Amino acid sequence: MMLQLSTWQEVEVYLKTSRTIVIPVGSTEQHGPNGFIGTDALCPEVLAKGVAEETGALVAPTISVGMAQHHLGFSGSITLRPSTLMAVVQDTVNSLARHGFERFYFLNGHGGNIATLSAAFSEIYAESSLGTAGHNRPSLRCKLRNWWDGKGIQALSAELFGASEGSHATCSEVSLTYYAYPDHVKSVEMTPKIAPNGPIYDADDYRRRFPDGRIGSDPSLASVEAGERIYKTAVDELSRDYRGFAEGSS
Ligand code: NI
């Protein structure tokens, strides 16, 4: 069930049976020569829809611009400062909490968001802890789940792509977006075949170290077929994880 396609009355009915909502969160940033700029937002969005079909979960609009300052050396990338993203997360949670939502399942598509999301959750808990008596919200829970973290997904990525998977513009994420948007598949030769690895600092340094945007990957191996397998495995793992969270066991 998509929040954006629901009426307020339907949300009221949903709240009678569940206090949990999925919030896809991603980024709008370069993903190398053949990856979509929306990759990190599209992956959790597509998977959240799959989880909703499987579990009946309600899915909030995707927070599609994240913390991506290091990608600003490439055309089209957009970033929020960490403090801005924290404010977006806090305001989103507090808006939904006002209606009765208590458990917030952030399905994340971008490694660069992790530290900021964790800090935003701490701010939300701090607001509750520092509130005057009666204003605490002991049942409020925020969970961060990276879509690629499951054992099944990790094993599948290793089987499909081995050492070519990399850590940015990965074969798996590009495949998943190709499966979701097959009319937009791009065929590009990569030089070198596997991109360099290294640390991440600011945007100019990033562009010097990783000239075409990739880190450690050869996403020319990405395919619709691989994306379909990744989609099914991830939806299965995430649906089980979502159910555990919604039932209060994690
Ligand atoms: Ni990515």
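The values are calculated or read from the model by the stated rules, or taken from the named source; none is laboratory data. Since the model is a prediction, treat every value here as computed from it, not as a measurement. Note that we place each Cβ from the backbone using ideal geometry, even for glycine, and neighbour counts take in every protein chain shown. All accessible areas refer to the heavy atoms of the entire protein, side chains included, with ligands and DNA or RNA removed. Shrake-Rupley method; radii C 1.70, N 1.55, O 1.52, S 1.80 Å.
Values as computed for the structure displayed
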quantity: Cα centroid of region 1-33 to Cα centroid of region 174-220, whole Å; calculated: 29
quantity: Net length gained if the chain between Glu12 and Ala115 were fully extended (0.36 nm per residue, minus Cα distance); calculated: 33.8 nm
quantity: Residue-wise HN-Hα coupling along region 187-200, computed from phi with Karplus coefficients 6.51, -1.76, 1.60 (Hz; x: Gly, Pro); calculated: 10, 9, 6, 10, 9, x, 4, 9, 6, x, 10, x, x, 10
quantity: For a label point 7 Å along the Cα-to-beta-carbon line of His184, residues of region 9-33 with backbone N under 15 Å; calculated: 26-33
quantity: Rounded D (µm²/s) - the chain, Kirkwood Rh over Cα pairs, Stokes-Einstein at 25 °C, 0.890 mPa s; calculated: 131
quantity: Cβ crowding within 10 Å averaged over residues, with 78-87, 182-191 ranked highest first; calculated: 78-87, 182-191
quantity: Protein accessible area in the chain, 1.4 Å probe - carbon and sulfur %; calculated: 53
quantity: Counting all C-alpha pairs of region 113-250, share separated by more than 22 Å (%); calculated: 55
quantity: Accessible surface, 1.4 Å probe, highest first, among residues Ile200, Ile21; calculated: Ile200, Ile21
quantity: Net charge of neighbours whose Cβ lies under 13 Å from the Cβ of Leu176, counting Lys and Arg as +1 and Asp and Glu as -1; calculated: -3
quantity: Relative contact order for the chain, counting Cα pairs under 8 Å that sit 6 or more residues apart, in percent; calculated: 24
quantity: Efficiency of FRET between Glu247 and Thr84 - r from beta-carbon atoms, R0 35 angstrom, step 0.05; calculated: 0.60
quantity: DSSP-loop chymotrypsin sites (Phe, Trp or Tyr not before Pro) across region 169-250, with at most 15 other Cβ within 10 angstrom; calculated: Tyr201
quantity: Whole-Hz couplings from phi, Karplus 6.51/-1.76/1.60, listed for region 99-116; x for Gly and Pro; calculated: 7, x, 5, 10, 10, 10, 9, 7, 8, 9, x, 9, x, x, 8, 4, 4, 5
quantity: Most mobile listed residue (Glu228, Glu237, Glu127) in the chain, GNM with C-alpha springs under 10 Å; calculated: Glu127
quantity: Amide H within-cut-off set for Arg141, under 5 Å, with H built and near neighbours excluded; calculated: Arg103, Phe104
quantity: Under-5 Å amide H pairs with Gly166, H placed in peptide plane, nonlocal only; calculated: none
quantity: Overall dimensions of region 53-158 by Cα: Rg and Dmax, Å; calculated: 15.8, 51
quantity: Order of exposure, largest accessible area first, which applies to Glu54, Glu247, Glu102 with probe 1.4 Å; calculated: Glu247, Glu54, Glu102
quantity: With DNA, RNA and ligands ignored, accessible area of Arg145 (1.4 Å probe; Å², nearest 10); calculated: 40
quantity: Calculated from backbone phi, Karplus (6.51, -1.76, 1.60) coupling profile of region 171-179 in Hz, x at Gly/Pro; calculated: 4, 5, 5, 5, 4, 4, 6, 5, 5
